[in-house]
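In what follows, a single structure is set out as structure tokens and then discussed.
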Amino acid sequence: MKRRKSVSEGTGYASVIDRVAARAAAAPAALRPGRRGTSPRPAGRQLASLRSAPPVLLEQLARHLMDDSYAARFEAPARSLELARLAVGCVEIVVESEDVGEEAAADLHAEALGYLGNALRISSDLAGAEEALANAVELAQWGTGRPELKATLLSLLASLRFAQGRPREASRLLDREIALRRRLAARERLGHALIDRGVVAASLEPVETACVYLAEGVARAAEPERILLALQPLAERLARDGDGEQARRVLGVAEGVATLVGGRSHSTRLQWIRGIAARAEGELAAARTLLQRVRETLAEEGSRFRAALVSLDLAAVHAAAGRPGEVRRLAEEAYSIFRAEGLERRALAAFLLFYRAARSERASEELAVRVANLLARRRLSRTQGSSGR
């Protein structure tokens, strides 16, 4: 699917709805252009006002909203979810109008629900994402059988399975997507799928396997953000495996790409990985400075769960430096956050082992590193997943 220009620019998606509604036969007064910078109206009121718009225009609007939801997924997940819900609402109006053929309507509805599921996944509502994507798959079975839609849903399902801590299922889904994209000769989309496969492989398989997928994916993908998506998990995997030198080589390239992409979240993650690489190389002072800075940034942003994960990496640094009191303090802070946020069973068991050792000031660097790495793999699937498209 060719990317369209984002409609989130300027006054936001509310202005796009205004323009679409203005072309309807009887545009409601509620949709007259608002002042620049005003907050969007609630989606329910917007959708009610759009019921008089021609279905063909609503379909175009829905597709723009899906694209914008996707574009906002990392930097503004709440906005991404709002846009996806509005897209589904527009599609439901189109379906109710019966002006679109049943198979085409099923395709459109399935696609919109797929993007809603992706936005819910990124917002950590995995149950909601599961329901939305299950409905999308079921609707697609009543559609035209369009291969591009099937490939998109495979990608979205793979992202969800990875987020659910089921990387082997994610790998199988991505293998199916890659095979389908090769048959479609969709060069850029194939590159995206290969990068996604490499991201999953970086958490599960030998690093050499991940590199094979990532190298081919990067060669096919044109978007700097996709290339960065490939480089970050590879650098983190190398750093956590103790190969700080190779991790830094990858980080050097990733940081160059990050300057093209922009966004504070990319810079924060790269600093985090650089801190892990410094610890792996025995540069404890540099590691402590980097990780403390990242921890403070995440805390300021309200990312308490990720800040607690950085605390574990920082605890490993203090354990290596022989500071058991600092290790204990960090473990206690992380415990309060994990207790509130929740951990899946295996991660919780590992953390409690470390927590008890830290409380008695017997936590070794090796134990801290093992637990930090285990929870980091859970974090990767929880917060990133594959790219989702």
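Couple of notes before you dig in:
- Over region 77-194, the reciprocal of the mean inverse Cα-Cα separation, the Kirkwood hydrodynamic radius, stands at 14.5 Å.
- All other residues whose Cβ lies under 11 angstrom from that of residue 248 are scored, Lys and Arg at +1 and Asp and Glu at -1, for a net of -3.
- Inter-centroid distance (Cα atoms) of region 57-92 relative to region 185-261, Å: 27 Å
- Rolling a 1.4 Å probe over the protein heavy atoms of region 236-290, with every protein chain left in place, gives an accessible area that is 49 percent carbon and sulfur.
- Volume in Å³ per residue [convex hull over Cα atoms, computed for region 199-263]: 77 Å³
- Each principal axis of the Cα cloud of region 53-103 was evaluated for its coordinate range; sorted largest first, these ranges are 36, 21, 13 Å.
- Positive-end extreme of charge dipole, region 159-296 - chosen from 292, 163, 261 (charges on Cβ): 163
- Ranking 73, 187 by solvent-accessible area of protein heavy atoms (1.4 Å probe, all protein chains present), from largest to smallest, gives 187, 73.
- Each other residue within a Cβ distance under 14 Å of residue 183 adds +1 if Lys or Arg and -1 if Asp or Glu, for a net charge of +4.
- Translational D in µm²/s for region 139-276 (Stokes-Einstein at 25 °C, 0.890 mPa s, Kirkwood Rh from C-alpha pairs): 159 µm²/s
- In region 59-127, the GluC sites (Glu not before Pro) that fall in loop regions by DSSP, at most 10 other Cβ within 10 Å: 98
The values are calculated or read from the model by the stated rules, or taken from the named source; none is laboratory data. Bear in mind the structure is a predicted one, so any value in this text is a computation, not a measurement. A quick note on method: Cβ atoms are made from the backbone with ideal geometry, for glycine too, and the neighbour counts reach across all protein chains shown. These accessible areas exclude ligands, DNA and RNA; they are computed on the full protein's heavy atoms, side chains included. Shrake-Rupley method; radii C 1.70, N 1.55, O 1.52, S 1.80 Å.
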